[in-house]
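Working notes for the structure below.
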Amino acid sequence: MPRLLVLGKSGQVARALVRQGPAHGWQIVAQGRADIDLADPGAIAKALAATGADALANAAAYTGVDKAESEPTQAMFLNADVPGIAARAAAAANVPFVHLSSDYVFDGQDDKPYREADPAMPISVYGRTKRAGEIAAYKAGGRCAILRTSWVFAPWGHNFARTMLRLAKTQERLRVVDDQRGGPTPAVAIADAILAVLARQLAGEHKAGLGLFHFQGRPPTSWARFAEAILDEAAKSGHPRPPVERIATHDYPLPAPRPAWGVLDCSRIAREYAIAPPDWRRALPETVAQLLKDGL
């Protein structure tokens, strides 16, 4: 059974990899802050050797989009420096590597799904650090695949679904932005995609299928409509269902600007790896049920 070293332990995708790994024939070794010191330049290489890992996935990241505006150094370290270090360690060990990036590398001014070759023009500190991480990972060479995804949600961790369900318990009306469009993506589907890409790479079947890939849930929607779908699902279990007021971005100012359009063209990963975009609506019942069971 091949062994996958995962950087990150408590995040949504890292936990999904631990859950999904055995079903895909992988042994997962997830290492968080208590296990590996990412500030040590040689720590990742040492972890690869110590664990005997056959592949590496980076699920560690600075995810605070707004907080990154006031903590650019910390965001740059986790989102740019660490991916570069990880990619170089994987290349030196000759193991395949997958790194996660974001739709926030785009400025959101387009009106058609972004392709991998479209110019990246991030408009926030978070977006710039994620773009820098892509470049650092790519420059390292080796068998590196970079998956851009968006609006990640899961039955665990901190995410938009959890926030909406929590607010629904105390607020009579939820004001949610309706002029930002993207694709909610289940963490479990991301984990499945990572494992499938790595399996093909490990088997030596797809050496050309490297570089950037887009992977995002379908159909595209807005934050407000996503909120409505979450609340409608929760209402089936008797959870409070306040109305959602659809507002414009300028009515809910935040420290970091967001791209208004974050829809990704996922045809390359479908063509080269036969991985289809997931329907986020199918993952919603399990997500909502588990979040409610855990008491949010």
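With a ≥ b ≥ c the root eigenvalues of the C-alpha gyration tensor of the stretch 1-84, is it rounded (a/c under 1.5), prolate (a/b larger than b/c) or oblate?
In terms of gyration-tensor shape, oblate.
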Burial ordering of Asp118, Asp192, fewest other beta-carbon atoms within 10 Å first: Asp118, Asp192
Diffusion coefficient, µm² s⁻¹, Stokes-Einstein with Kirkwood Rh over alpha-carbon pairs of the stretch 25-175 at 4 °C and 1.567 mPa s: 76 µm²/s
Residues of the stretch 83-109 with amide N under 20 Å of the 7 Å Cα→Cβ point at Asp40: 83-93
Whether the stretch 145-234 is rounded, prolate or oblate, judged on the alpha carbon gyration tensor where a/c under 1.5 counts as rounded: prolate
Contact order relative to length of the chain, as percent, for alpha carbon pairs under 8 angstrom and 6 or more apart: 21 percent
Peptides 30-43, 150-163 ordered by average Cβ neighbours within 10 Å, highest first: 150-163, 30-43
Amide hydrogen neighbours beyond the local backbone of Leu264, cut-off 5 Å, H modeled: Tyr114
Net +/- balance of residues flanking Ala260 in space, Cβ distance below 13 Å, scoring K and R +1, D and E -1: -4
Label selected from (i) 14.6; (ii) 15.9; (iii) 18.1, the criterion being mean projected area of the Cα convex hull in nm² as computed here: (i)
Unsatisfied cross-links (Cα-Cα over 21 Å) in the set Lys67/Lys169; Lys236/Lys293; Lys169/Lys236: Lys67/Lys169
Exposed-loop-free span, longest in the chain, where GluC sites (Glu not before Pro) count as exposed if DSSP calls them loop and at most 12 other C-beta atoms lie within 10 Å: 1-171
For peptides 257-263, 219-225, sequence by mean Cβ density within 10 Å, most packed first: 257-263, 219-225
Hits among lysines - C-alpha to C-alpha of Lys139 under 23 Å, sequence gap 8 or more where chains match: Lys46, Lys130, Lys207
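Read-outs throughout are calculated quantities, based only on the coordinates presented, and are distinct from any laboratory measurement. Note that the structure is predicted; figures quoted are calculated from it, not measured. Please note: Cβ atoms are built from the backbone with ideal geometry, for glycine as well, and neighbour counts cover all protein chains shown.
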